[in-house]
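S.K.: Below are the structure tokens for one structure; questions will follow.
The values are calculated or read from the model by the stated rules, or taken from the named source; none is laboratory data. As the structure is a computational prediction, the values presented were derived from the model and not from experiment. As a convention, Cβ positions derive from the backbone with ideal geometry for all residues, glycine included, and neighbour counts pool all protein chains shown. Note: areas computed on protein heavy atoms with side chains; ligands, DNA, RNA excluded. Shrake-Rupley method; radii C 1.70, N 1.55, O 1.52, S 1.80 Å.
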Amino acid sequence: WAAARRQADAVLAADAVPPGTRFYALLAAGRMRARLGEDDATPLLDEALEIAQGSASIAFLGPTRAARAEAAWLAGDPEQAVVEARAAYDLALERGLHWSLPELATWRWTCGDLPDPPRNLTGPYGLLMRGDWATATTAWDAIGYRYEGARARLASTDETALRDALA
């Protein structure tokens with residue numbers, strides 16, 4: 001995370017950075033700071049949302065709303081997490097862009113807003129939402145997404161799994 005932070009901060013400090021490049025740096029820095037519980041995540045995610053809204057592209061809006069949903073959830077505000085996730089989820093459904101739905105659906109599900117996983121939802125998010133946190137964890141870990149693997153462990157009631165998630 002330290003290397004990613006240095007890279008994102010370097011992009012954000014640079015002059016004349018293309019908006020798309022700045023967007024991804026804002027998203028990475030904002031998400032990382034939210035995960036670390038730092039106060040300066042919100043302005044970064046707000047600026048990322050401005051760029052995403054200006055583009056009107058689900059390719060920008062989906063990840064931004066997912067990051068903002070996660071930040072709200074981490075801050076103890078599940079209602080705002082649902083608002084963020086719904087904003088892009090509904091747009092993705094409307095436009096038939098189902099590749100952006102899994103993470104957004106998971107935030108809605110995590111916050112109690114989506115009782116059942118969307119049909120045909122596969123991969124680690126689908127596994128988690130269908131109650132198979134262990135296989136979801138293994139899938140995340142296998143592709144190097146250890147943070148997401150730890151989040152999947154949070155769906156367990158197993159003390160060892162919960163301790164592993166915390167570690």
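S.K.: Taking region 84-140 as the search range and keeping residues that are surrounded by fewer than 16 Cβ atoms within 10 Å (Cβ to Cβ) and among the β-branched types (Val, Ile, Thr), which one is nearest to ARG68 (Cα to Cα)?
M.R.: Going through the qualifying residues, I end up with THR122.
S.K.: Could you please find all residues in region 21-33 being touching a Phe, Trp or Tyr at 6+ places or on another chain (Cβ under 8 Å) and either part of a loop (DSSP other than H, G, I, E, B) or surrounded by fewer than 22 Cβ atoms within 10 Å (Cβ to Cβ) (or both)?
M.R.: Of everything in region 21-33, just one residue is touching a Phe, Trp or Tyr at 6+ places or on another chain (Cβ under 8 Å) and either part of a loop (DSSP other than H, G, I, E, B) or surrounded by fewer than 22 Cβ atoms within 10 Å (Cβ to Cβ) (or both), namely MET32.
S.K.: Looking at the structure I just gave you, is THR64 open to solvent by less than 60 Å² (accessible area, probe 1.4 Å) and modelled with pLDDT under 95?
M.R.: No; evaluated as a whole, the condition is false for this residue.
S.K.: Now, a different point. Being free of Cβ contacts under 8 Å to residues at least 24 places away in the same chain, open to solvent by less than 30 Å² (accessible area, probe 1.4 Å) and in contact with a helix residue (DSSP H, G or I) (Cβ under 9 Å, 6 or more places away or on another chain), is that true of even one residue in region 154-161?
M.R.: yes
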